[in-house]
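Asks: Submitted below is the structure of interest, expressed as structure tokens.
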Amino acid sequence: MIFALIAVGLSFMSNWLGLAYAASTDFLIDISVWLNKLLLKIPMSSLEGNITILFSILISLGLLYILFSNSRRQLLFRFGISAFACFIALTIYKGAINKSEIKIYPGENYVAAFVPLNGHKTFVLISDRRPAQYPSRDYSMERLLLENKGSLILAYTGNVGINLADKVKTKKKIIHFPASIELQTKIEKVLEMKNHLPQFIKLD
């Protein structure tokens with residue numbers, strides 16, 4: 001960002017200097033994107049949701065705690081304490097995300113509910129928003145289903161869900177079946193959902 005601001009300022013003085021700094025900015029962005037993709041492959045290397053704010057505060061406090069050390073011995077001690085605190089926090093966070101955390105993705109033609117189960121399984125319910133929905137293709141949802149770790153149990157209530165199941169099962173082994181209104185009602189009761197998933201339909 002600093003290089004980009006410098007590039008804008010230098011472009012008024014010299015186009016060549018502006019282009020040089022702009023190229024440097026583009027190169028650094030490419031490196032950061034590549035590094036992020038590489039780090040995302042490491043387990044627990046990324047956080048999502050509001051928990052990121054808490055971890056940002058904890059890490060900042062830990063750094064301040066380390067930087068205000070009066071001696072090398074105290075610095076090493078504080079570094080160890082901070083690293084141990086981060087390890088405990090990440091362990092607690094990992095245990096929390098392993099619990100059932102329902103995620104709902106409201107699409108234009110359907111609603112998808114992801115429900116983590118025990119044993120690295122995920123139950124996914126794809127519900128069309130209206131009857132006889134045209135089986136349009138959703139590449140983002142296909143990628144999300146394929147990138148989901150563990151096995152998938154996919155239930156659907158219309159043509160969009162059928163189309164998603166057909167596309168995903170060619171690349172990943174999944175269990176898939178049509179979900180009736182009765183099954184949807186039972187799922188809501190078991191999960192103690194306060195709100196119903198929008199506009200479920202019944203298959204003929």
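Asks: If R0 is 41 Å, what FRET efficiency do you get for F84 and S180 from their C-beta distance, rounded to 0.05?
Replies: Plugging the Cβ-Cβ distance into 1/(1 + (r/R0)^6) gives 0.20.
Asks: If you don't mind, there's one more thing I want to ask. In the structure shown, do any of K37/K169; K37/K121; K41/K149; K121/K173 have a Cα-Cα gap over 22 Å, and if so which?
Replies: In this structure, K37/K169; K37/K121 lie more than 22 Å apart at Cα.
Asks: Same structure again: With the crude spin-label approximation of a point 7 Å out along Cα→Cβ, what separation in nm comes out for I102 versus L28?
Replies: Reported label-point gap for I102 and L28 is 4.5 nm.
Read-outs throughout are calculated quantities, based only on the coordinates presented, and are distinct from any laboratory measurement. Being a predicted model, the structure only gives us computed values, none of them experimental. Cβ coordinates were reconstructed from backbone atoms using ideal geometry, including for glycine residues, and neighbour counts include every protein chain displayed.
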